């Protein structure tokens, strides 16, 4: 008879443990969702500053070699993704870039220099603020960038 009581006590303990675990997990999901909403709002408020910073850092990078970043137009739409390794949120924005050849450089006579280039600008959220190192992914839209780097990024829906 006492074995039945032990079984019931263990079963109750397991059930209580599962309920506590589920509640904590739900609480974490709600907290993460709230943090992502705040991150999205902060990105919208700081976007103009972040775009200027992205262009300045990209232009200072020297990539592509022999070209000057003449103009960069940012699209309105934003795709969000999470870095699988760090968990950091990223914002990806489609851009159209116009380059000019450096005076006296090896690209000066290349006609293709003046062609507009499609790319994706990358912004990252460190948990408290957005920043960029000026990284752009050439020839891919934001969604193509997430797909191309699917081992590193997972899409996040922040509608």
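The values are calculated or read from the model by the stated rules, or taken from the named source; none is laboratory data. Since the model is a prediction, treat every value here as computed from it, not as a measurement. Ideal geometry is used to build each Cβ from the backbone, glycine not excepted, and the neighbour counts take in all protein chains shown.
A few remarks follow.
- Top-ranked residue in segment 110-143 [being part of a helix (DSSP H, G or I) and without any contact (Cβ under 8 Å) to a residue 12 or more places away in the chain; ranked as surrounded by the most Cβ atoms within 10 Å (Cβ to Cβ)]: 112
- Only one entry in 32, 106, 100 is farther than 20 Å from residue 143 by Cα, assigned to a loop (DSSP other than H, G, I, E, B) and modelled with pLDDT under 95, namely 106.
- Residue, farthest from residue 77 (Cα to Cα), within segment 150-159, restricted to residues that are in a loop (DSSP other than H, G, I, E, B) and in contact (Cβ under 8 Å) with a residue 12 or more places away in the chain: 151
- Scanning segment 77-99 for residues that are under 16 Å from residue 119 (Cβ atoms) and free of Cβ contacts under 8 Å to residues at least 60 places away in the same chain turns up 91, 92, 93, 94, 95, 96, 97, 98, 99.
- Sole exception among (1) modelled with pLDDT of 90 or more; (2) over 20 Å from residue 128 (Cα atoms) for residue 39, by number: (2)
- Scan of segment 50-74 for residues that are surrounded by fewer than 14 Cβ atoms within 10 Å (Cβ to Cβ) and either in contact with a helix residue (DSSP H, G or I) (Cβ under 7 Å, 6 or more places away or on another chain) or in a strand (DSSP E or B) (or both), ordered by number: 70, 71, 73
- Residue check, residue 95 over 13 Å from the mean Cα position of the chain (by Cα) and crowded, with 16+ Cβ neighbours inside 10 Å: yes
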